[in-house]
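J.: Below you will find the structure I want to go over with you.
Where a number appears in this text, it was derived from the coordinates with a stated rule and is not lab data. All figures in this text were calculated on a predicted structure; none of them were measured in a lab. For neighbour counting, all protein chains shown are included, and Cβ atoms are generated from backbone atoms with ideal geometry for every residue, glycine included.
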Amino acid sequence: MKKVAFITLGCKVNQYETNAMSQKFIESGYQLVEHTEEADIYIVNTCTVTNMSDRKSRQMLRKMKEQNPKAILIAVGCYAQVGRQELEKIPEIDFVLGNHEKVNIVEYLEKKIEFKISDLMQEKDYEEYGDITFSEKTRAVIKIQDGCDRFCTYCIIPYARGRVRSRNPENIISEITKIAQRGIKEVVITGIHIASYGKDFKNDYYLIDLLEEINKIPGIERIRLGSIEPLLITQDFVKRLKELDKVCHHFHLSLQSGCNDTLKRMNRRYTTQEFQNIVDILRENYDDVILTTDIIVGFPGETEEEFNETYEFLKKIKFYKMHVFKYSPRKGTKAAVMKNQIDGNVKEHRSKILIELSDSNEAKYQEELIGKEVEILWEEEKDGFYKGHTANYILAYYSENKENEINEKDRNNEENEKEKDEEKINFNMANLNEGKIQQNEKLENQIIKMKCIGREGDHIFVTKMQ
């Protein structure tokens, strides 16, 4: 039996498509192995969102060939879609397949069929993979659409993915139903621009209509939205969304900048005031909502004043977590040829400032949870720690040793703590012994109510409820 291994770079759409390709290889009699193991075929699902992504894709391709020089090496994905000529110059690579060709990868490999990478800008229909139930995780990524029509000035993805193409809702429901039957409790709704779902349909059927259908599927307990266009959030949308009990109260709103002039150069189609209104709508409707975002620093023309505007706006919004990216010019985009490109040292400095703000926000949110009940979907156990997430996507850990360590520290504290601090950690050993999770008790893929007893870095620590 031939062995095949995957490396997946980039977004959750790539993750879904790797799952789809993995399933097709397994169904064709191949054995799936880790990319660190020796395999007969290595497939790198590439990303091209920045020039750094291209470089990392090339590095991974060469690394896999070094691992087994006799293996067949295949480059697929977004970099392969827009940079085929560059990849074909790398002698180690045997096949270069674009995004449209992923669905037939086994056939291309086995039959060595001649093909041409499709021009996705001309594609009008969603490329269906069938029901993809393969997943290595306790949550399943569900792709509902492909393509983007927004054309932000820094982004190459519309050229790598094409125009908006929405997936047939019946196929989505069928796939999720089968996933639920396998015991998976959480699905992540993803796509290149999920806010555009349905805009290419002839009937009036949009993302909220699809979510209402998914919410009815037995066995699915959590529906998590992937990154969304902020302008999707309106009073009408949230009014209907709020009725769906399975939708997680975590929204990743891709802001990119907190300065209107910068947003305009990026071709983002909202202002900071509109974004503030969107945040207000969510916080008025969900008491426990968690907001995360992406921010680009050092975009061409970003002055010190513009950056300070962004900083002050972010302080006001108080995101739980911000993914901060230093602008990287992407060949083929308008921003790459803009004047006033920013020095790398300036980008680094601004990035550190925002990361510090993000870390501070995260710590404050986590501190407020100490002593409170949280509900965790446990995903995996490693090195004595169970790892999982709350419904609003706060990372949680459980370890009996860590639990005892926190409480031992509390008992040995010689100072009288204030009432607020006493409420944070207030467990005696009797309660701990009663609440211990037995070593043979498996938590994976269970949703359990726990109590937060501490925090560290990017996560909280919890104990089992009494």
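J.: Between 0 and 90 degrees, rounded to the nearest ten: what's the tilt of helix 304-317 against the longest Cα principal axis of the chain?
T.: In the chain, helix 304-317 runs at an angle near 50 degrees to the longest axis.
J.: If you wrap a convex hull around the C-alpha atoms of the range 261-379 and split its volume per residue, what is the figure in Å³?
T.: Cα convex hull per residue, to the nearest whole number: 144 Å³.
J.: Right, something else. What's the extension gain from Lys442 to Glu367 if we count 0.36 nm per residue and subtract their Cα-Cα distance?
T.: 24.2 nm
J.: Two-decimal Rg/Rh of the range 221-325 from alpha-carbon positions, Kirkwood Rh?
T.: My calculation puts Rg/Rh at 0.99.
J.: Give the Debye-formula value of log10 I(q)/I(0) at each listed q (0.16, 0.17, 0.20 Å⁻¹), with one equal scatterer per alpha carbon of the range 90-148, two decimals each.
T.: Summing over Cα pairs of the range 90-148 leads to -0.71, -0.78, -0.98.
J.: Would you pull out the residues with amide H under 5 Å of His323's amide H, same chain only if 5 or more places away, H placed 1.01 Å from N?
T.: Close amide H contacts, sequence-distant or interchain: Thr293, Asp294, Ile295.
J.: Sticking with this structure for a sec: Amide H of Ala140: which non-local residues (sequence gap of 5 or more, or other chain) have their own amide H closer than 5 Å, using H built in the peptide plane?
T.: Glu186, Val187, Val188
J.: Skipping prolines and chain starts, which residues have an amide H placed within reach, meaning under 5 Å, of the one on Arg455, given they are 5 or more residues away or on another chain?
T.: Phe461
J.: Any idea what angle helix 272-285 forms with the longest principal axis of the chain, computed on alpha-carbon atoms, 0 to 90 degrees, nearest 10?
T.: Result, in degrees: 50.
J.: Can I ask one more? Are there cysteines in the chain with no other Cys C-beta under 4.7 Å, and if so, which?
T.: Singleton cysteines: Cys11, Cys47, Cys78, Cys148, Cys248, Cys259, Cys452.
J.: Right, something else. Spelling out what I want: for every residue of the range 332-337, take phi, set θ = phi - 60°, compute 6.51 cos²θ - 1.76 cosθ + 1.60 (Karplus), and round to whole Hz; glycine and proline get x.
T.: Each residue's phi maps through the Karplus curve to give x, 10, 5, 5, 5, 10 Hz.
J.: In whole Hz, with x marking every Gly and Pro, tabulate ³J(HN,Hα) for the range 293-303 from phi via Karplus 6.51 cos²θ - 1.76 cosθ + 1.60, θ = phi - 60°.
T.: Here the 3J(HN,Hα) series is 7, 10, 10, 9, 10, x, 5, x, x, 6, 7 Hz.
J.: Would you please name the GluC sites (Glu not before Pro) within the range 69-123 that are DSSP coil residues with at most 11 other C-beta atoms within 10 Å of their C-beta?
T.: Hits after loop and neighbour filter: Glu114.
J.: Compute the convex hull volume of the Cα atoms of the range 1-118, divide it by the residue count, and report the result per residue in Å³ as a whole number. Mind showing how you got there, number by number?
T.: On the way: hull volume 11.2 nm³, N = 118.
About 95 Å³ per residue, rounded to a whole number.
J.: Please turn the phi angles of the range 452-461 into ³J(HN,Hα) values with the Karplus equation 6.51 cos²θ - 1.76 cosθ + 1.60 (θ = phi - 60°), one per residue in order, whole Hz, x for glycine and proline.
T.: So the J values, rounded to whole Hz, are 6, 10, x, 8, 6, x, 9, 9, 10, 10.
J.: Take the alpha-carbon positions of the range 97-255, form their convex hull, and give its projected area averaged over all directions (one quarter of the hull surface) in nm².
T.: Spelled out: convex hull of the Cα atoms, projected over all directions, averaged, 10.7 nm².
J.: A further question on this structure: From the mean inverse distance of alpha carbon pairs (Kirkwood) and the Cα radius of gyration, derive Rg over Rh for the chain.
T.: Using Cα coordinates only, the ratio equals 0.98.
J.: Now for a separate question. Of Met64, Met322, Met465, Met338, how do they rank once you tally other Cβ atoms within 10 Å and put the fewest first?
T.: Fewest-to-most ranking of Met64, Met322, Met465, Met338: Met465, Met338, Met322, Met64.
J.: Please report Rg over Rh for the range 344-403, where both radii come from the alpha carbon positions and Rh follows the Kirkwood definition.
T.: With Rh from the inverse mean 1/r over Cα pairs, Rg/Rh is 1.13.
J.: Using only Cα atoms, tell me the angle between helix 12-27 and the longest principal axis of the chain; keep it within 0 to 90° and round to the nearest 10.
T.: Between helix and principal axis, roughly 70 degrees.
J.: Relative to the Cα centre, what is the charge dipole magnitude of the chain, using +1 at the beta carbon of each Lys and Arg, -1 at the beta carbon of each Asp and Glu, and rounding to the nearest 20 debye? All intermediate terms of the calculation are to be shown ahead of the outcome.
T.: Values: 71 positive and 81 negative charges, 314 e Å.
Its charge dipole is roughly 1500 debye.
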